[in-house]
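Read through the structure below, which is laid out as structure tokens, and then see the notes.
The values are calculated or read from the model by the stated rules, or taken from the named source; none is laboratory data. This is a predicted model, so every value here is computed, not measured. Here the Cβ positions follow ideal geometry from the backbone for every residue, glycine too, while neighbour counts run over all protein chains shown. These area figures cover heavy atoms from the full protein model, side chains too; ligands, DNA and RNA do not enter into them. Shrake-Rupley method; radii C 1.70, N 1.55, O 1.52, S 1.80 Å.
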Amino acid sequence: MSFIPGGTFLMGSDAFYREERPVRDETVGAFWIDTSPVTNAEFRRFVAETGYVTFSERAPSPEAYPDAAPEFLVPGSLVFVKPNRPVSLRDNLAWWAYVPGADWRHPSGPGSSIDGKDDHPVVHVAHEDALAYARWCGKALPTEAEWEFAARGGLEGAAYPWGDEATPNGRHMANSWQGRFPYEDIAEDGYAGTSPVGAYPPNGYGLNDIVGNVWEWTATPFASGLAAEKSCCQSGDKRPSSVQYVVKGGSHLCAPNYCLRFRPAARQGETPDTSTCHIGFRCVLRDAAPN
């Protein structure tokens, strides 16, 4: 973990999407934060020691989803399926599919695996799964303000953790989408899909993959008054009566032509039962003095 000294900073952005506005002063106390998102290897150890079964590995309750078709009331999760041609960017269901059998061990569904990906972020974890892991290791999920303060790495008001240019001197600094989303990913950064944690330079606080690669759950409810426009990162229509939690940091699906959200200020709201191939998490520890 990295120690974050806390302080007052400018949170949000007026330059990008409406849900990030307005820029305002925010103060956080000191805390520790994981240097990387929780990996498959770390999550596997948690499951082995506790026998925990994730949300996507359990059959959805018909009472909780009264309008769901029977074929969707089976264990599964949402998977990005790349179209083979241009599609309307207004319909994010054109690239999301509920895949029975998809879970953290089988990220693309039955027949897929995480073999050789121990150092990739764990995905297909719902909010309750992230909370369960955090409790197991004596930690917590960060608040949105803690997460953003840490993500900025000490750069006040910069668009990215490394400055104001997305690719300084042509160098990719995070795992994002290159090409025409959602049907063309030319993977100039070397990765299509998730990447090993630490594949890109850390920010000023020594944090890896703080933007890009996977979105990260926080403990902060998403304010309904700051509703985000649909993006590549949101997996479907939200039930208005359901609470949502803020996810931060963008993912490997963030593309400049549609979803420029691999930035500290970027935020989305996801219902706690959301489980997808591009959302993970990292943990924080509070009230512990640095060595």
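Annotations
- Rounded, prolate or oblate (a/c below 1.5 giving rounded, otherwise prolate when a/b exceeds b/c) for the chain by Cα gyration tensor: rounded
- Alpha-carbon centroid distance for the pair the stretch 175-208 / the stretch 260-291, whole angstrom: 17
- Cross-link reach list, aspartates and glutamates versus residue 248, counting only Cα pairs under 13 Å and skipping chain neighbours closer than eight places: 19, 20, 144, 146, 148, 209, 216, 270
- Solvent-accessible surface of the stretch 58-111, taken per residue with a 1.4 Å probe and all protein chains present: 61 Å².
- A probe of 1.4 angstrom, applied to the heavy atoms of all protein chains, finds residue 270 with accessible area near 0 square angstrom.
- Residues of the stretch 40-56 with an amide N closer than 16 Å to a point placed 7 Å from the Cα of residue 113 along the Cα-to-Cβ direction: 40-41, 44.
- Area accessible to solvent at residue 156, 1.4 Å probe radius, in Å²: 110
- Convex hull (Cα only) mean projected area of the stretch 123-224, reported in nm² to one decimal: 8.2
- Peptides 78-84, 47-53 ordered by packing proxy, namely the average of other Cβ atoms within 10 Å per residue, highest first: 78-84, 47-53.
- Quotient of Cα Rg and 2.2 N^0.38 Å for the stretch 53-167, N being how many residues it contains: 1.36
- Three-way shape label, the stretch 4-74, alpha-carbon gyration tensor, a/c 1.5: oblate
- Label point at residue 72 placed 7 Å out along Cα→Cβ; residues across the stretch 87-128 whose backbone nitrogen lies under 14 Å: 92-100
- Protein accessible area in the stretch 52-156, 1.4 Å probe - carbon and sulfur %: 56
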